[in-house]
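Read-outs: derived from the displayed coordinates by stated rules, not from any lab. As the structure is a computational prediction, the values presented were derived from the model and not from experiment. Quick reminder, even Gly has a Cβ in these numbers, built from the backbone with ideal geometry, and neighbours come from all protein chains shown.
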Amino acid sequence: MSAPAVTVQERGALAVTGFSGGGRARRRRPTGSDRRAYVLAHLVLGVGAVIMAFPFLWQIIMSLSTNAQVQSVTPVFWPGELQWDNYAEVFQRLPFLQQFGNSVLITVVRTVAQLVLCTMAGYAFARLRFPGRGVLLAVVLSILMVPSQVYLLSQYQIIQNLGLLNSIGGLVLPGLFSAFGTFLMRTAFLAMPTELEEAARLDGANTFQIFWKIMLPLAAPTMSVLAITTVLWSWNELLWPLVVTSYSSQMPLSAGLATLLSDRTTDYPVAMAASVLAMAPVLIMFIVLQRRVIDGLASSGLK
């Protein structure tokens, strides 16, 4: 039996889609303009990467230089002899390990608390119907419009009245809940189809079972974004620890690094070495979890 003839219209369709009669895809050979566009795109991306990475590389170079080289008028782009003693000097100037432990404890407690509280609040505002929901949501979202410095004094008075000054509890308490986390999780739950809830209710599931077994697993990418942003914010927070704590043993690393700077004399290489050590854990975490961060941001709709 002979193969059916191919009409002119079918040949045109095959040519447009890139398939021949044998089912093989035709490869379009790259032209000179394609190669130039490819090289130009990578050149622009390479220049952007160098510009973004240069401050970090300069920080490392400063941490391995002498104070005279750092303060010289002519920039020294590479020290002749690497000063590894600057990193050892950090542990003599600061109770580094204790402050590092404080930062880890504060960050972990805040992250876990925000994952629990903000997720439950976001689900309630997105899916549940209760009196005063709109008013409460407006109050929560209004916090995003007010700078945190506005209610700094009232927070300090509350912590003082509770007797939590110079304590880990005083550092942790204001960061257990955030309006941003609630708004983020509410947005994620609003994007989920209502048919999932209806099907679960027909199967006899209650509200908590729907939240725990159905909605929460679907919100995992957004929860990862909330966790990572909370870690970065809590690890780098500076103003609140400086206000609440005055003892170096109770400070996190962010406040401890600030004590290395002085109005009279500052050992910049030691300060840069301490900054590199403090930044390393967060940088490693971001490198390991960067794909999850990007996927979570894409699924949550944040730009």
field: Distance from region 241-272 to region 149-170 (C-alpha centre basis), Å
entry: 20 Å
- request: Mind giving me the FRET efficiency for Leu40 and Leu289? R0 is 25 Å, r the Cβ-Cβ distance, nearest 0.05 is fine.
  value: 0.20
query: [x] 37, 24, 17; [y] 33, 21, 20; [z] 47, 37, 15: which one is semi-axes √(5λ) of the Cα gyration tensor in Å as calculated from this entry?
result: [z]
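Using DSSP to define loop residues, name the trypsin sites (Lys or Arg not before Pro) in region 38-146 whose beta-carbon has at most 11 other beta-carbon atoms within 10 Å. Display every interim value, and only then the final one.
Values: sites: Arg93, Arg110, Arg127, Arg129, Arg133; in loops: Arg129.
Of the trypsin sites (Lys or Arg not before Pro), the ones in loops of region 38-146 whose Cβ has at most 11 other Cβ atoms within 10 Å are Arg129.
Hydropathy first: keep DSSP H helices in the chain averaging at least -1.0 on Kyte-Doolittle, then drop any whose Cα extent along the axis falls short of 30 Å, and list what survives. Before the final figure, lay out the partial values.
On the way: long enough: 32-63 (46 Å, 1.13); 96-127 (45 Å, 1.02); 268-300 (42 Å, 1.38).
The qualifying helices are 32-63, 96-127, 268-300.
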message: Suppose only helical runs count, i.e. DSSP H with n ≥ 4. What mean residue ellipticity at 222 nm does that imply for the chain under -39500 (n - 2.57) per run, divided by all residues and rounded to the nearest 500 deg cm²/dmol?
response: -21000 deg cm²/dmol
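Please work out how much length the chain gains when fully extended from Val139 to Arg264, using 0.36 nm per residue of separation minus the C-alpha to C-alpha distance, in nm with one decimal.
Working: separation 125, 0.36 × 125 = 45.00 nm, distance 4.53 nm.
Result: 40.5 nm gained on full extension.
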statement: The Cα extents of region 25-184 along the principal axes, largest first and rounded to whole Å, are 65, 64, 29
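Per residue and in Å³, how big is the convex hull formed by the alpha-carbon atoms of region 96-249? Could you put the intermediate results ahead of the total?
On the way: hull volume 19.9 nm³, N = 154.
Measuring per residue, one finds 129 Å³ for the Cα hull of region 96-249.
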task: Order these peptides, 278-288, 239-249, by their mean beta-carbon neighbour count within 10 angstrom, highest first.
output: 239-249, 278-288
task: For an R0 of 30 angstrom, estimate the FRET efficiency from the Cβ-Cβ distance between Gln160 and Met120 and round to the nearest 0.05.
output: 0.55
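Between Glu89 and Asp203, take the C-beta separation as r, use R0 = 51 Å, and let me know the FRET efficiency to the nearest 0.05. Numbers along the way, then the final one.
Working: r = 64 Å, r/R0 = 1.25.
So, using R0 = 51 Å, E works out to roughly 0.20.
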